[in-house]
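The values are calculated or read from the model by the stated rules, or taken from the named source; none is laboratory data. Nothing here was measured: the structure is a model prediction, and the numbers come from that model. All Cβ positions, glycine included, derive from the backbone under ideal geometry; neighbour counts span all protein chains shown.
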Amino acid sequence: MMRIGWTGFSAMVAAVTLAGAVAITGQGQAPAAGRQGGAAPAAGRQGGAAPAAARPAQGGRAEDGKPNLNGVWQALTSANWDVEAHQAEPGPHPEIMGAWGAQPGGMGIVEGGAIPYKPDALKKKQDNLKNRTLVKVTNDPHRFDTGDPELQCFRPGVPRANYMPFPFQIFQNRDQIMFVYEYKGSMRTVFMDKHQEAPVDSWMGWSNGRWEGDTLVIDVTGFNGHQWLDRAGNFFSDTAHVVERWTPRGANHLMYEATIEDPAVYTRPWKISFPVYRRLEANAQLVEFNCVPFVEEMMYAPIGLYNPPNRSSR
Amino acid sequence: MRNRMLRIASALTLATVVALSVAVVVAQTPSRPKAPPKTATSTDAAIEASAEAFKKSVELKNFTVPKKPWGEPDLSGVWLTATYTRLQRPQELGDKEFYTEAEAIAEYKKAAESDAEVDPRTVHYDWKEYAMDAWQGGATPNLRTSLIVDPKNGRLPPLVPEAQQRRAAAAAAARERDPAAGVKTFGNLYTRCVLGLGAIPLVRGGMPGADSAATAAGVTAEAFFFQSPGYLTIVMQSNNDVRIIPTDARPHVPGQVRQWLGDSRGHWEGTTLVVETTNFSDPKPATNFLGSTDSLQLVERFTRVGPNTLRYQYTVTDPKTWTRPWSVDTTMPKIDPSLIYEFACHEQNYGLMNVVTGTQIREREGTRDMRGGTFARPPE
């Protein structure tokens, strides 16, 4: 294990606490891959090879001995259609979208199978599903009493961003870990050093993180209450509290688990879990998905603001 | 460096956009911001502090660039892209490339005071009420009389003929009809929340004396530089635009992959990070930077020259727009704290529908447009 170049006491602590470490280091990662070019302090231990030109680290350990999560990742689940188990269905517009618009079936990611909604909340979830393609553009907060925010290119919130059918990239240093999601280029910073209460409500929430052994634990609060969990209308409110756990299970996959607590909506906290895989293509990178221009016609044409009015017809 | 809290609160207000509902925003803010620092409430205090920081940065010698644990020079932090310095040198300054230190401070003072002075009859926002004027946020004086250093006259090179034709055609179309009469024809990407203000290039110059602070120096002009092994990632406060810059010399994406912010590749030359960006999209009905096309190429150079100063140089090339490449050399001051806040622009874009609706009404009534022209009354 030491070939990864752990240093000092923290490495020992990590080695003692972490079974996962064996898996991480046992995947034949090139030792130098965990090190960047330049004056990495342990570079000399890698057989004296000059560090290669900076190549983003793959797996292994970061400079501070923590698991190195840098990289492009993606979940392979159909949970964005429905976090609960679901069968294949035609999409909202089968007359034009055919198989393209259809929903794949899936086993769901909810532990125990069903979300423990309170009765009123379950009713709202069912209404959400019925109205999921409703778009209502107003210049007041009623614009959020509509269908799935994803349809309108709104930020997805957490945990949904992690299981949308898009890759995301993790950027890690000692004090902060940043997640950038290909969908909409949404991002969030996880504060490892200075924890604070969410200063204001937001779509992506406020993330305070810590390491528990090799598990990255992120406490997410400060949601604005507009988030949906999927296209099926599952949701939480602005009192939601999400605790995420990211645990490496090898160089190229993580187990993701999130506990979702929201006394306004659920009778008890509940959990989701699924694996997240590294995108291994040599040229893997996020490709811009700025969806605002993709939704403008849908949002503004029905209220007469997309096409300039035809003056000759007046 | 300045305490940014007050400005943050206001950036959020803006993000909540231009909303009718200040009350909503206030209700959402759980904790009261601390009392604002003097530099946010008094132009004199702000100008004095900026002048001090400026003098210190000019005097600084033998600065050793701090390094990240993995060996790369440390560029991380939040850097301010707002500046009162004009992109192009005012004609009357001729070949004068530099101000004296005293002149630079005097220019800054003039610009800051005019920025703070607002005619309530014409103003859209009085940005200083949100602590968003550049003098409140840590903008610094500049010895240079213009951002452009090449050509030597500090001015943009002439347009090529096809760019002149594009510009003339756009102006003619706008005389015929305001492009804001429909989202489809509306080229203002910021009003549409497609892009924020100035992610690439980062520093675009100010227009001191302009009656909107947005053009006087720039607003929500914080650029968060997040460094991790092999990457510099820049997140803009404005619209939270994200630029991911790998520094491992990998090739650009294929030519058919076009992006609003282009495709950036970085490499280190000593302590300077050199970033080349290509693959810009054709953002019709808008244009790329300053009327440029999808042939735009940008080379940026980032060098930490002081604890709180990042030198920022860039060269712009677009053979379909300018007769020759041109270059900028400027600096960005570091500000605290090192984070940015969510800027959910599109989600709460109440402004766009108001702008488009208003334009359609003006057109229908045959009233004057905002640029001072008159719309032809539609045929009966």
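The conditions of being of a type in the set (Ser, Thr, Tyr), under 25 Å from B:PHE224 (Cβ atoms) and surrounded by fewer than 22 Cβ atoms within 10 Å (Cβ to Cβ) are not met by A:THR215. Looking for something out of contact with any Leu (no Cβ under 8 Å at 6 or more places or on another chain) and at pLDDT below 95 - is there at least one such residue anywhere in the range B:262-284? Checking the range B:262-284: at least one residue is out of contact with any Leu (no Cβ under 8 Å at 6 or more places or on another chain) and at pLDDT below 95. Looking across the range A:202-217 at every residue that is within 13 Å of the chain's Cα centre (by Cα) and part of a loop (DSSP other than H, G, I, E, B), the one that is farthest from the other protein chains (Cβ to nearest Cβ) is identified as A:GLY205. Scanning the range B:159-182 for residues that are in contact with a helix residue (DSSP H, G or I) (Cβ under 9 Å, 6 or more places away or on another chain) and part of a loop (DSSP other than H, G, I, E, B) yields B:ARG177, B:ASP178, B:GLY182. Considering the range A:188-201, the residues that are acidic (Asp, Glu) and either within 8 Å of chain B (Cβ to nearest Cβ) or in contact (Cβ under 8 Å) with a residue 60 or more places away in the chain (or both) include one that is farthest from B:ASN240 (Cα to Cα), namely A:GLU197. With the condition kept exactly as written, say whether any residue in the range A:99-111 is exposed (fewer than 15 other Cβ atoms within 10 Å of the Cβ) and over 30 Å from A:LEU280 (Cα atoms). No, there is no match, as no residue in the range A:99-111 is exposed (fewer than 15 other Cβ atoms within 10 Å of the Cβ) and over 30 Å from A:LEU280 (Cα atoms). Note on the range A:139-153: among residues that are in a loop (DSSP other than H, G, I, E, B) and in contact with a helix residue (DSSP H, G or I) (Cβ under 9 Å, 6 or more places away or on another chain), the one that is surrounded by the fewest Cβ atoms within 10 Å (Cβ to Cβ) is A:ASP140. Part of a loop (DSSP other than H, G, I, E, B), among the aliphatic types (A, V, I, L, M) and at pLDDT below 95: is that true of B:ALA376 in this structure? Spelling it out, B:ALA376 is indeed part of a loop (DSSP other than H, G, I, E, B), among the aliphatic types (A, V, I, L, M) and at pLDDT below 95.
Applying the criterion of being without any contact (Cβ under 8 Å) to a residue 24 or more places away in the chain and of a type in the set (A, V, I, L, M, F, W, C) to the residues of the range A:281-304, the residue that is nearest to B:ILE245 (Cα to Cα) is A:ALA282. Is it the case that A:GLY185 is buried (at least 18 other Cβ atoms within 10 Å of the Cβ), within 13 Å of another protein chain (Cβ to nearest Cβ) and out of contact with any Ser or Thr (no Cβ under 6 Å at 6 or more places or on another chain)? In short, yes. Just so you know, in the range B:335-365 the residues that are crowded, with 21+ Cβ neighbours inside 10 Å and touching a strand residue (DSSP E or B) at 6+ places or on another chain (Cβ under 6 Å) include one that is nearest to the other protein chains (Cβ to nearest Cβ), and it is B:GLU342. Criterion applied to A:ALA264, A:ALA282, A:ALA251 was being part of a loop (DSSP other than H, G, I, E, B) and touching a strand residue (DSSP E or B) at 6+ places or on another chain (Cβ under 9 Å), and the one residue passing it is A:ALA251.
When B:ALA210, B:ALA139 are checked against the criterion of being aliphatic (A, V, I, L, M), crowded, with 21+ Cβ neighbours inside 10 Å, in a loop (DSSP other than H, G, I, E, B) and at pLDDT below 95, B:ALA139 stands alone in meeting it. The set of residues from the range B:213-267 being polar (S, T, N, Q) and on the phi < 0 side of the Ramachandran plot comprises B:THR215, B:GLN227, B:SER228, B:THR233, B:GLN237, B:SER238, B:THR247, B:GLN256, B:GLN259, B:SER264. Selection within the range B:215-244: residues that are within 11 Å of another protein chain (Cβ to nearest Cβ), of a type in the set (S, T, N, Q) and more than 15 Å from B:GLY77 (Cα to Cα). The member of this set that is surrounded by the fewest Cβ atoms within 10 Å (Cβ to Cβ) is B:ASN239. Kindly indicate the residue of the range B:79-91 that is at pLDDT 95 or above and not in a loop (DSSP other than H, G, I, E, B) and also surrounded by the most Cβ atoms within 10 Å (Cβ to Cβ) among those meeting that condition. Top of the filtered list is B:LEU80. Within the range A:218-240, being part of a loop (DSSP other than H, G, I, E, B), crowded, with 17+ Cβ neighbours inside 10 Å and of a type in the set (S, T, N, Q) holds for A:ASN224, A:GLN227, A:ASN234, A:SER237.
Inspect the range A:228-241 for any residue being within 28 Å of B:GLU347 (Cα to Cα) and among the hydroxyl-bearing types (Ser, Thr, Tyr) and give the result as yes or no. Yes, the range A:228-241 has at least one match. With the checklist (1) in contact with a strand residue (DSSP E or B) (Cβ under 9 Å, 6 or more places away or on another chain); (2) over 18 Å from A:THR77 (Cα atoms) in hand, flag the one item A:GLY108 doesn't pass. Just one mismatch for A:GLY108, condition (2).
Kindly establish whether A:GLY108 is assigned by TED's automatic domain parsing to the domain that holds A:VAL180, on the phi > 0 side of the Ramachandran plot, in contact (Cβ under 8 Å) with a residue 12 or more places away in the chain and touching a Ser or Thr at 6+ places or on another chain (Cβ under 9 Å). For A:GLY108, the condition - assigned by TED's automatic domain parsing to the domain that holds A:VAL180, on the phi > 0 side of the Ramachandran plot, in contact (Cβ under 8 Å) with a residue 12 or more places away in the chain and touching a Ser or Thr at 6+ places or on another chain (Cβ under 9 Å) - is met. Among the residues in the range A:154-166, are any among the basic types (Lys, Arg) and either in a helix (DSSP H, G or I) or more than 12 Å from chain B (Cβ to nearest Cβ) (or both)? Yes, some residue in the range A:154-166 is among the basic types (Lys, Arg) and either in a helix (DSSP H, G or I) or more than 12 Å from chain B (Cβ to nearest Cβ) (or both).
Within the range A:286-314, restricting attention to residues that are out of contact with any strand residue (DSSP E or B) (no Cβ under 7 Å at 6 or more places or on another chain), within 7 Å of another protein chain (Cβ to nearest Cβ) and part of a loop (DSSP other than H, G, I, E, B), the residue that is nearest to A:PRO167 (Cα to Cα) is A:VAL287. If I filter the range A:200-213 for residues that are modelled with pLDDT of 95 or more, of a type in the set (Val, Ile, Thr) and either in the same structural domain as A:PHE179 (by TED's automatic domain parsing) or more than 19 Å from A:LYS66 (Cβ to Cβ) (or both), do I get at least one hit? For the range A:200-213, residues modelled with pLDDT of 95 or more, of a type in the set (Val, Ile, Thr) and either in the same structural domain as A:PHE179 (by TED's automatic domain parsing) or more than 19 Å from A:LYS66 (Cβ to Cβ) (or both): absent.
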